[in-house]
Amino acid sequence: MSLSQDDVKRIARLARIEIDDAQAQATQGQLNTIFDLIATMQAVNTDNVSPMAHAQEVYQRLRDDVVTETDRHAAFQAVAPAVENGLYLVPKVIE
Amino acid sequence: MKWETVIGLEVHTQLATRSKIFSGSSTAFGAAPNTQASAVDIALPGVLPVLNRGAVEYAIKFGLAIGATLNRVNVFDRKSYFYPDLPKGYQISQLAKPIVEGGALKIQVGETERIIHLTRAHLEEDAGKSLHEDFHGMTGIDLNRAGTPLLEIVSEPEMRSSAEAVAYARALHTLVTWIGICDGNMQEGSFRVDANVSVRPAGQTEFGTRREIKNLNSFRFLQQAIDYEVRWQIETLEDGGRIEQATVLFDPDKVETRMMRSKEEAHDYRYFPDPDLLPIKLDEDWIEAVRATLTELPVAMQARFQSEYGVSAYDAAVLTGSRALADYFETAAKACDQGKLAANWVMGELSAALNKAELDIAQSPVSAAQLGALITRIQDGTLSGKLAKQVFEGLWEGAGEVDAIIEARGLKQMSDSGELEKIIDAVLAANPKSVEEFRSGKDKAFNALVGQVMKASKGRANPAQVNERLKARLHN
């Protein structure tokens, strides 16, 4: 599989990354190198190997269901660009 | 043409944990904005999620309750999209390996029972809230809800009418509150329903194109939205149009659905396993420990109510509508040893009074023990049905215990036949015309006399006894 210029631009748009044509072209080359590597690996027979969700065979540590956090919104909001009545303000979004 | 409706539901249930799914923030409803949003919840750089054992346990409990497969190893994925109330830019969810797969739920529509199969149930985090009131042309963001644990429960597209969809949603609501994993509060958004709706010509096996109605927060809206959507789809198709896959919103004021976004604008979520979280392992000891905490489930209790108390299947389904109602019924039935009568009182007089006062069974001013005592007094002949209703009113007003109310208000059914004979004497003497009419063959006159005796006894006379004594006297 290889990526087209349009694929690269679409991925950039989905990730909200602004790129120009030159950057898209450079990135396309880099990403295709990665896809080539994946293609090479896919040549290996994995019929009897179940997919892994993580590189190591370790499992998630769990925490007990207790409230440990306190209200720190004043500190957090001190660095926010716009705040009112305890709310973070953002440019209007209506879907 | 005859059309068939196909419905599948996705229900987001908020899990009743104290803390959030990936942080130690409180999940309590109604706090001041952003006071329950920690560094993890607002996605400050460098923070890491740590999974809440309680949320996993509730998911296990649900899986066991519906007879599902629990994936011994399950995985969290990132679902990426940009929206200001989703601070990380992705939601942590489960796609390829959810914690729960399969399972089934029994529903009852009128007298008909059906089994609805479930596809899956997965854990995920809730987003924050966007407030679109005008803040100088800006939107306000409250992240208190961000990170609240959700179990998204997905059904197979097996429902064929809005009534079935509502029955399924209700059965699911009963179950999740019954096993205590969700408070079920729909106004506060603890139980939100998305409905996937399509229609196809009757007899066709492949599905029509579906539209998804988002965020229905009442059973009535669910019914109205599906009914509207089905009508709209059928009309569109019969007018020669075609249905495009889309997400729609229900407007409860106009009782109609309208398009939110079409398939072309649909998000590309780019799911992939979340590298911040390791796979979750459920070991057998843990599963068995959770199984041990499961009490009798609604379906089992319905069967037991039928065999133990002699109530009908329909009554048993109504009485197990909630854990609190079922417990109330059973306490009352045990107190009086009269299952059927207890069922009639709980579903009749008590439910009517609760509905009128807009109270929940848990807030009932009449306790189950009191209702049981009242029914005992009906059974032993102290009270007629009519007098019992007056005692019930006394209990409702908090006038004391059953026997005290009977005593204080003089509601005891007359057992002294001497007293009854005296009243009959007086009534016969005062109504010579009715007596004459009865003797000349007018049966109606008899009823008038019974009414007079009942009235004179202030309702305390036993109607059967009045009939018998009055007949005996008139035939002399």
When restricted to B:197, B:166, B:176, B:193, the only residue part of a helix (DSSP H, G or I), in contact with a helix residue (DSSP H, G or I) (Cβ under 6 Å, 6 or more places away or on another chain) and more than 14 Å from chain A (Cβ to nearest Cβ) is B:166
From the list B:323, B:261, B:304, pick out the single residue that is among the charged types (D, E, K, R) and under 30 Å from residue B:245 (Cβ atoms).
B:261
Flagged in region B:39-61 as facing chain A (nearest Cβ under 7 Å) and either under 16 Å from residue B:85 (Cβ atoms) or in contact with a strand residue (DSSP E or B) (Cβ under 7 Å, 6 or more places away or on another chain) (or both), in numbering order, are B:42, B:50, B:51, B:52, B:53, B:56
Might you check whether a residue that is more than 13 Å from chain A (Cβ to nearest Cβ), under 29 Å from residue B:212 (Cβ atoms) and crowded, with 18+ Cβ neighbours inside 10 Å occurs anywhere in region B:14-30?
yes
Kindly indicate whether any position in region B:101-113 is over 23 Å from the mean Cα position of the chain (by Cα) and surrounded by 20 or more Cβ atoms within 10 Å (Cβ to Cβ).
no
Could we say that residue B:76 is farther than 20 Å from residue B:195 by Cβ and surrounded by fewer than 20 Cβ atoms within 10 Å (Cβ to Cβ) here?
no
Answer yes or no: is there a residue in region B:355-365 that is within 16 Å of residue B:461 (Cβ to Cβ), exposed (fewer than 15 other Cβ atoms within 10 Å of the Cβ) and outside the structural domain of residue B:463 (by TED's automatic domain parsing).
no
Residues that are hydrophobic (A, V, I, L, M, F, W, C) and more than 8 Å from chain B (Cβ to nearest Cβ), at least 3 per element: which helices (runs of 4 or more DSSP H) completely within chain A meet that?
A:5-14, A:21-42
Inspect all residues belonging to region B:42-65 and state whether any of them is surrounded by 16 or more Cβ atoms within 10 Å (Cβ to Cβ), at negative phi, in contact with a Gly (Cβ under 7 Å, 6 or more places away or on another chain) and part of a loop (DSSP other than H, G, I, E, B).
no
Among the numbered criteria (1) assigned to a loop (DSSP other than H, G, I, E, B); (2) within 28 Å of residue B:351 (Cβ to Cβ), which single criterion is violated by residue B:461?
(2)
In region B:125-159, residues that are free of Cβ contacts under 8 Å to residues at least 60 places away in the same chain, more than 9 Å from every other protein chain (Cβ to nearest Cβ) and outside any loop (DSSP other than H, G, I, E, B) total 2
Given B:188, B:229, which one is closer than 30 Å to residue B:88 by Cβ and outside any strand (DSSP E or B)?
B:188
Can you tell me how many residues in region B:321-336 are at pLDDT below 95 and polar (S, T, N, Q)?
1
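Yes/no per residue for (1) of a type in the set (Lys, Arg); (2) out of contact with any Gly (no Cβ under 9 Å at 6 or more places or on another chain); (3) buried (at least 18 other Cβ atoms within 10 Å of the Cβ); (4) farther than 18 Å from residue B:11 by Cα:
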residue: B:199; (1), (2), (3), (4): no, no, yes, yes
residue: B:215; (1), (2), (3), (4): no, no, no, no
residue: B:229; (1), (2), (3), (4): no, yes, yes, yes
residue: B:239; (1), (2), (3), (4): no, yes, no, yes
residue: B:253; (1), (2), (3), (4): no, yes, no, yes
residue: B:268; (1), (2), (3), (4): no, yes, no, yes
Could you check, for region B:297-320, whether at least one of its residues is more than 28 Å from residue B:107 (Cβ to Cβ) and free of Cβ contacts under 8 Å to residues at least 60 places away in the same chain?
no
Output the residues belonging to region A:1-43 that are more than 30 Å from residue B:84 (Cβ to Cβ) and among the small types (Gly, Ala, Ser).
A:2, A:4, A:22, A:26, A:29, A:39, A:43
Quick check: anything in region B:65-74 more than 17 Å from residue B:13 (Cβ to Cβ), free of Cβ contacts under 8 Å to residues at least 12 places away in the same chain and within 12 Å of chain A (Cβ to nearest Cβ)?
no
Picked from region A:25-78 (must be in contact (Cβ under 8 Å) with a residue 24 or more places away in the chain and touching a Leu at 6+ places or on another chain (Cβ under 9 Å)), the residue farthest from residue A:5 (Cα to Cα) is A:35
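The values are calculated or read from the model by the stated rules, or taken from the named source; none is laboratory data. Quick caveat: nothing in here was measured; it's all calculated off a predicted structure. Using ideal geometry, Cβ is built from the backbone for each residue, glycine included, and neighbour counts are taken over all protein chains shown.
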